[in-house]
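The values are calculated or read from the model by the stated rules, or taken from the named source; none is laboratory data. In this text, all values refer to a predicted model and were calculated from it rather than measured experimentally. Virtual Cβ from ideal backbone geometry, glycine too; neighbours counted across all protein chains shown.
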């Protein structure tokens, strides 16, 4: 039986805002969770990514907050998010659906000055959205009291576990009043998270709209064997992007931050419009890159797992795993960036030598096999037409300004860089070779044994 938002018990102001946003029917997690939240019950919500978890707590919280007012430095509700991007996204949801309310929403994340955040707290916050580290920073500075929190939301709980935030979560829960409503949301439920819910939730209602660790059936999943060198993987990635059908935009996931920048630069050198997103970037750059990707001016986003959880970018058509994730749960979150809101999507994972064990862990977790593409491993373009077509653009660039990544690092000579390239044996445009440049050192001309 299909229900509508107007039947869930939400306030008129919230229902009007939802209708103005163009929604009439809730998703499964929203339909099941919202009535329990309105009844002020503790709740554990388990749902695969892209199912509308955020609105399932934002909408009822707006209704519950219609009565009462905030006091200075004493927020009425607290939402904890593992990353700045997720926190900012929840803030956007409150602005979107709370436009008929006069609620103060404060966002406490890194990369923003304490002074601006203090001003928000001093005015009183009905809703406080924060990452654990920045929240504790404010508390330790004496700028925040948590004794007035009526509702606690812990979002993306399994990601909190992966990022090592559980001790911070435990400490924060100890600072809150014991009689409060606690809402727990996660895509997966590992044993450590189950123990946490047993400690901090009282008789919770469990809502699970999909089998744990399942993947969206709308996503066409494929595996592709690639060569062992990074250059071969980058060549295979480019080949898959070029041959992708109906690709509007794509997110490429790497396991390491340094590879994010390398892959993004490589794609740009080969004519693709790509940007990088990882945790070491400053907050302004991260948000600007995300905004460009959402707006469609940046079709390819190369990212670490900072972009794997919860980000609402509904039109992503393709996901490429440049590396097989070492934690099987991360695969579920990564490919969940596509195939959202009923759309179809495509996810291709490049599998190098030694990564098969991670693939086995993934298929065991999602309880299904993933089809292998028939294409043979794509080697770096060292011979044939591909090498010739790409060699000319590179030579023309070398006559002018060299790419930044080819410049020697400050304070070091270029010689170690050349030795490093020779040791790797290849780059994006073919294998490196030893050249004497017409000069043979004298020691090489000496007769053997002399």
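Kindly indicate whether any position in the stretch 291-312 is in contact with a helix residue (DSSP H, G or I) (Cβ under 9 Å, 6 or more places away or on another chain), surrounded by fewer than 19 Cβ atoms within 10 Å (Cβ to Cβ) and not in a loop (DSSP other than H, G, I, E, B). No - not one qualifying residue is present in the stretch 291-312.
When the stretch 214-238 is filtered for residues that are within 22 Å of the chain's Cα centre (by Cα) and at pLDDT below 90, the ones remaining, listed by number, are 214, 215, 216, 217, 218.
Does at least one position in the stretch 70-80 carry a residue that is in the same structural domain as residue 146 (by TED's automatic domain parsing) and more than 15 Å from residue 104 (Cβ to Cβ)? For the stretch 70-80, residues in the same structural domain as residue 146 (by TED's automatic domain parsing) and more than 15 Å from residue 104 (Cβ to Cβ): present. Which residue is nearest to residue 169 (Cα to Cα), if the candidates are limited to the stretch 195-213 and must be in contact with a helix residue (DSSP H, G or I) (Cβ under 6 Å, 6 or more places away or on another chain) and modelled with pLDDT under 90? Step by step, filter the stretch 195-213, then rank; the result is 213. Looking only at the stretch 143-164, residues that are under 19 Å from the mean Cα position of the chain (by Cα) and under 13 Å from residue 184 (Cβ atoms) come to 8 in all. Only one entry of 158, 150, 137 meets the criterion of being under 22 Å from residue 179 (Cβ atoms) and either assigned by TED's automatic domain parsing to the domain that holds residue 92 or at pLDDT 95 or above (or both), and that entry is 150. Determine, yes or no, whether residue 61 is surrounded by fewer than 17 Cβ atoms within 10 Å (Cβ to Cβ), touching a residue at least 60 places away in the same chain (Cβ under 8 Å) and either under 24 Å from residue 144 (Cβ atoms) or in contact with a strand residue (DSSP E or B) (Cβ under 8 Å, 6 or more places away or on another chain) (or both). So residue 61 fails the test. Applying the criterion of being out of contact with any strand residue (DSSP E or B) (no Cβ under 7 Å at 6 or more places or on another chain), modelled with pLDDT of 95 or more and surrounded by fewer than 21 Cβ atoms within 10 Å (Cβ to Cβ) to the residues of the stretch 20-57, the residue that is nearest to residue 218 (Cα to Cα) is 35.
A quick yes/no check of all residues on (1) closer than 28 Å to residue 279 by Cα; (2) in the same structural domain as residue 30 (by TED's automatic domain parsing); (3) surrounded by 19 or more Cβ atoms within 10 Å (Cβ to Cβ):
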site	(1), (2), (3)
201	no, yes, yes
226	yes, no, yes
233	yes, no, yes
237	yes, no, yes
248	yes, no, no
253	yes, no, yes
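Residues that are assigned by TED's automatic domain parsing to the domain that holds residue 29 and under 17 Å from the mean Cα position of the chain (by Cα) do occur in the stretch 165-179, at least one of them. Considered as a group, the residues in the stretch 254-283 that are closer than 18 Å to residue 82 by Cα and part of a helix (DSSP H, G or I) include one that is nearest to the chain's Cα centre (by Cα), and that residue is 257. If the condition is being over 21 Å from residue 42 (Cα atoms) and touching a strand residue (DSSP E or B) at 6+ places or on another chain (Cβ under 8 Å), then the stretch 110-130 contributes 117, 120, 121, 124, 125. Residue 349 meets the stated requirement of being modelled with pLDDT of 90 or more, outside any loop (DSSP other than H, G, I, E, B) and crowded, with 24+ Cβ neighbours inside 10 Å.
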